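Questions regarding the structure given below will be posed in turn.
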Amino acid sequence: MGMVTKSPGKTREKLVSAAMELFAKKGFDKTTVDEIVARAGVAKGTFYLYFKSKDDLIKELAFEVMPIMAMPSLNDPYITVSFPTLESYLLQLGREFLSFYSENYRAEIFFHMLSVRERMKSIDDIYHQACSELLREGARRITAYVKVGFEDALIAFQVFLASLMHYLHAGDCLGFSREHYLKKAVDVVLNHLRLSASV
């Protein structure tokens, strides 16, 4: 029988998973590398095989929990074929977003990241880059369906994204099902766009 070796990918996943759980509960500052490796069940030296420092891990996780990662259909090159109406496309994006943040402490880490980004320049830079890219791409996708100016499309996508963020933060206070809320949010966006063009 051959020697069994640990998969490097699995070890890295364990470290990332342990860090996500601890960061979600304690925040970035109060979580130590010692706690991460103890939760992952690996030696401290193993951490540094995968990450230069805790800050290096934080930066990676910060990007991983960004809203741009939550909407894979933004990368669909054939959106108007896959989704014949803007309504169906926005509903798909919204479902992807809400599903993404319902898993693996992502929402908690994202909101924590927002609370500390002003004092952590590297996270602030990641946030600005990812947020700008997401908004531009979302607006561009809206213009594939609607003849409106880029500014109107950008505002429409910002309203859509803000409504999704609000649901993450306060959905349990609203008294609506996730799907009902999402449909109402999409209606708001479509109504905004109808002021400028026919959808």
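The values are calculated or read from the model by the stated rules, or taken from the named source; none is laboratory data. Computed from a predicted structure; not experimentally measured. Reconstructed Cβ throughout: ideal geometry from the backbone, glycine too, with neighbour counts over all protein chains shown. What goes into the accessible areas is simple: the full protein's heavy atoms, side chains included, and nothing from ligands, DNA or RNA. Shrake-Rupley method; radii C 1.70, N 1.55, O 1.52, S 1.80 Å.
Suppose each label sits 7 Å from its Cα in the direction of the beta carbon; what would the HIS166-GLU133 distance come out to in nanometres?
So the two model labels end up 2.8 nm from each other.
Could you provide, to the nearest whole Å², the per residue accessible area of region 17-166 with probe 1.4 Å? Could you put the intermediate results ahead of the total?
Working: 7400 Å² over 150 residues.
Solvent-accessible surface per residue comes out at 49 Å².
By a straight-distance test (C-alpha under 17 Å), which aspartates and glutamates pair with LYS30 as possible cross-link partners, with residues fewer than eight away in the same chain excluded?
Qualifying aspartates and glutamates at Cα under 17 Å: GLU21, ASP55, ASP56, GLU108.
Something else: Under a plain spin-label model, where a point goes 7 Å from the Cα along Cα-to-Cβ, how far apart in nm are ARG39 and VAL81?
Those two pseudo-labels are separated by 4.3 nm.
Related question: Report the net charge of residues surrounding GLU103, where surrounding means a beta-carbon distance below 15 angstrom and charges are Lys +1, Arg +1, Asp -1, Glu -1.
On the way: positive: ARG95, ARG106, ARG178; negative: GLU13, GLU21, GLU64, GLU96, GLU108.
Taking every Cβ under 15 Å from that of GLU103, the sum is -2.
Separate question: Would you kindly find the accessible area of HIS166, with a 1.4 Å probe and non-protein molecules such as ligands, DNA and RNA excluded, rounding to the nearest 10 Å²?
Ignoring ligands and nucleic acids, HIS166 comes out at about 90 Å².
Work out how much length ARG178 to ASN191 would gain on full extension: take 0.36 nm times their residue separation and subtract the Cα-Cα distance, in nm to one decimal. Working shown, then result.
Values: separation 13, 0.36 × 13 = 4.68 nm, distance 2.00 nm.
Between ARG178 and ASN191, full extension yields an extra 2.7 nm.
While we're looking at this one, here's another question. Taking the 0 to 90 degree range and rounding to the nearest ten, how far is the long axis of helix 121-143 tilted relative to the main principal axis of the chain, both from C-alpha atoms?
30 degrees
Still on this structure, please answer the following. Within the accessible area of region 134-199, what % is carbon and sulfur when the probe is 1.4 Å and the other protein chains stay in place?
Numbers: 2020 of 3660 Å².
About 55 percent, which is the carbon plus sulfur part of the accessible surface.
Below 11 angstrom from the Cβ of MET71, what's the summed charge of the other residues (Lys, Arg +1; Asp, Glu -1)? All intermediate terms of the calculation are to be shown ahead of the outcome.
On the way: positive: ARG95, ARG141; negative: ASP76, GLU96, GLU137.
Local net charge: -1.
Between the alpha-carbon centers of region 150-199 and region 17-70, tell me the distance in whole angstrom.
After rounding, the separation between the Cα centres reads 33 Å.
Using the Cα centre as the reference, give the magnitude of the dipole from point charges on the C-beta atoms of the chain (Lys, Arg: +1; Asp, Glu: -1; all else neutral), rounded to the nearest 20 debye. Write down the numbers at each step before the final one.
Details: 25 positive and 24 negative charges, 75 e Å.
It works out to roughly 360 debye.
Shifting gears a bit: List the aspartates and glutamates whose alpha-carbon lies under 18 Å from that of LYS183, not counting same-chain residues fewer than 8 positions away?
In chain and number order, the partners are GLU87, GLU96, ASP172.
Check the straight Cα-Cα distances from LYS10 and name the lysines below 17 Å, setting aside those fewer than 8 residues away within the same chain.
Hits, sequence-local ones excluded: LYS44.
Still on this structure: Starting from the Cα of GLU64, step 7 Å along the direction of its Cβ; do the same at SER122; then give the gap between the two resulting points in nm.
Distance between label points: 1.5 nm.
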